[in-house]
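Everything below concerns the one structure shown next.
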Amino acid sequence: MRKFARASVAVAAVAMLTLTACSSRDDAETPAGDDDTAATTGFDAGSVIGVALPSKTSENWVLAGDLFTNGLEEAGFEGDVQYANASSPVADQQGQIQSMITKGAKVIIIGAADGGQLSTQVEAAKEAGAVVIAYDRLILNTEAVDYYVAYDNFNVGELQGQALLDGMAARGEGPYTIELFSGSSDDANSAVFFDGAMSVLQPAIDAGDVVVGSGQTDIKQTATAGWKAENAQSRMDSLITSTYSGDTELDGVLSPNDTLARAIITSIQGAGKTVPVVTGQDSEVESVKSIMEGLQYSTINKDTRNLVAAAVQMVTDLSEGKDIEVNDTESYDNGVKVVPAYLLPPQIVTKENAAESYKDDPTLFPLTQE
Ligand code: BGC
């Protein structure tokens with residue numbers, strides 16, 4: 001049986017994430033049905049299914065909305081798909097979930113704008129008899145989340161950390177100087193991505209093979225509020241001024257996603273410096289182009305079509321009163337319970353394997369052939 005590191009998210013204080021215990025887990029498939037797992041007696045075709053998505057902070061969220069609308073309709077349900085407004089995402093999403101409950105939604109699928117601020121709403125959803133599924137991002141601090149469906153976030157981080165090391169090794173000998181960026185601290189995924197990456201990078205840092213030039217290694221120092229490109233760009237600008245003036249070299253940047261990777265590259269190019277090895281995530285069109293041009297080094301293929309399909313399958317199974325397929329019942333502790341999860345495997349993508357990785361993707365594959 002394969003063993004690998006796992007992350008456990010614990011909540012130290014409201015909206016404050018601390019990543020704790022790392023141990024190993026069995027990769028065995030565990031059927032649902034323990035005490036923590038929601039069972040339904042099923043519901044009718046045509047039932048309302050709510051889908052609450054965060055603001056459109058990356059292409060995958062935009063795509064997910066359309067896929068949910070079509071996928072739920074094809075599966076015979078009435079999808080109510082809503083996005084939180086970028087200017088007031090938390091309040092907006094709270095209101096949208098409340099209105100899904102009022103409409104009698106049987107299942108509410110949530111990509112949280114802020115995973116720590118939804119307990120009141122998901123508890124109301126449970127009260128009303130709905131099943132709550134956390135989609136892509138975990139919902140924290142509440143018993144009222146039944147399932148989690150996501151790509152394996154810890155593995156995403158591990159792949160990013162390894163890609164950073166591989167990319168730098170391919171360009172020359174160490175020791176290497178790097179900088180670290182992480183995602184928004186209100187997204188439970190951010191700490192998991194970062195911990196996954198650090199599980200690979202820390203040994204290299206401890207061995208002196210890799211140096212974080214600025215010394216900023218704490219997740220709080222590396223965070224990017226709201227996953228906003230402008231915040232990553234301005235932090236990179238400041239790092240260049242403080243640490244990389246003149247000819248001082250920067251060999252690599254750990255970027256948690258593609259939007260931030262492009263902002264970091266823009267900042268470095270603006271300063272007239274050579275673009276280092278920069279990681280990413282999401283396989284956004286502009287980043288795949290950049291990888292093919294030899295600028296951004298890597299991204300992660302987390303095909304949104306598969307993730308939405310897995311969530312829609314959960315809805316279908318719930319409607320038929322079937323057990324829900326989960327494959328991880330240990331890793332995702334939301335602060336008060338371990339949420340049974342169905343995790344999909346992410347894939348690292350560099351220029352080398354892009355054509356192979358996107359061979360079934362009609363949008364991305366052509367970009368690898370130009
Ligand atoms: C998702 C990433 C995405 C980020 C910003 C995360 O929760 O897992 O795919 O890049 O949010 O939208």
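The values are calculated or read from the model by the stated rules, or taken from the named source; none is laboratory data. Remember, predicted model here, so these are calculated numbers, not experimental data. We place every Cβ from the backbone using ideal geometry, glycine too, and count neighbours over all the protein chains shown.
Of all the residues that make up region 151-162, how many are over 17 Å from the mean Cα position of the chain (by Cα) and buried (at least 23 other Cβ atoms within 10 Å of the Cβ)? Show your work before the answer.
First, the residues of region 151-162 that are over 17 Å from the mean Cα position of the chain (by Cα): 162.
Narrowing the set further to residues that are buried (at least 23 other Cβ atoms within 10 Å of the Cβ) leaves none.
Going through region 151-162 one residue at a time, the tally reaches 0.
Going by what's in this entry, would ALA263 be described as within 14 Å of the ligand (Cβ to nearest atom), touching a residue at least 12 places away in the same chain (Cβ under 8 Å), small (Gly, Ala, Ser) and not in a loop (DSSP other than H, G, I, E, B)?
Working: within 14 Å of the ligand (Cβ to nearest atom): yes; touching a residue at least 12 places away in the same chain (Cβ under 8 Å): yes; small (Gly, Ala, Ser): yes; not in a loop (DSSP other than H, G, I, E, B): yes.
So ALA263 passes the test.
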With ASP114, ASP136 as the choices, which residue is within 16 Å of the ligand (Cβ to nearest atom), surrounded by fewer than 24 Cβ atoms within 10 Å (Cβ to Cβ) and either in the same structural domain as LYS228 (by TED's automatic domain parsing) or of a type outside the set (Val, Ile, Thr) (or both)? ASP114
Top-ranked residue in region 155-212 [being of a type in the set (Val, Ile, Thr) and either in contact with a Pro (Cβ under 7 Å, 6 or more places away or on another chain) or closer than 13 Å to LEU254 by Cα (or both); ranked as farthest from the ligand (Cβ to nearest atom)]: VAL211
Just one of (1) assigned to a helix (DSSP H, G or I); (2) within 14 Å of the ligand (Cβ to nearest atom); (3) closer than 24 Å to LEU250 by Cα trips up ILE300, so point out which. (1)
Taking region 107-150 only, how many residues are within 13 Å of ASP186 (Cα to Cα), under 16 Å from the mean Cα position of the chain (by Cα) and not acidic (Asp, Glu)? 9
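Within region 266-287, which residues are assigned to a helix (DSSP H, G or I), within 16 Å of the ligand (Cβ to nearest atom) and surrounded by fewer than 24 Cβ atoms within 10 Å (Cβ to Cβ)? Write out each step before concluding.
Filtering region 266-287 for residues assigned to a helix (DSSP H, G or I) gives 266-270, 285-287.
The next check asks that each one be within 16 Å of the ligand (Cβ to nearest atom); those that pass are 285-287.
Correct list: VAL285, GLU286.
Could you grab me the full set of residues in region 213-227 that are surrounded by 17 or more Cβ atoms within 10 Å (Cβ to Cβ) and either more than 16 Å from the ligand (Cβ to nearest atom) or in a helix (DSSP H, G or I) (or both)?
Here is the first cut: in region 213-227, the residues surrounded by 17 or more Cβ atoms within 10 Å (Cβ to Cβ) are 213-214, 216, 219, 222-224, 226-227.
Hits for region 213-227 are GLY213, SER214, GLN216, ILE219, THR222, GLY226, TRP227.
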Restrict the check to region 118-133 and report whether at least one residue is under 22 Å from GLN221 (Cβ atoms), in a loop (DSSP other than H, G, I, E, B) and at pLDDT 95 or above. no
Single residue of region 76-96 satisfying the filter (under 21 Å from the mean Cα position of the chain (by Cα) and buried (at least 23 other Cβ atoms within 10 Å of the Cβ)) that is farthest from TRP227 (Cα to Cα): GLN93
Can you pull out every residue in region 327-370 that is among the aromatic types (Phe, Trp, Tyr) and without any contact (Cβ under 8 Å) to a residue 60 or more places away in the chain? PHE365
Residue satisfying condition, being polar (S, T, N, Q), assigned by TED's automatic domain parsing to the domain that holds SER47 and over 20 Å from ALA64 (Cβ atoms), within set THR177, THR102: THR102
Counted residues in region 101-111 being more than 16 Å from the ligand (Cβ to nearest atom) and farther than 18 Å from THR40 by Cα come to 2
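Take region 213-244 and flag every residue that is within 14 Å of GLY270 (Cβ to Cβ) and among the hydroxyl-bearing types (Ser, Thr, Tyr). Don't jump to the end; show me each part of the working.
First pass over region 213-244, keeping only residues within 14 Å of GLY270 (Cβ to Cβ): 229-230, 232-241, 244.
Matches in region 213-244: SER234, SER238, THR241, TYR244.
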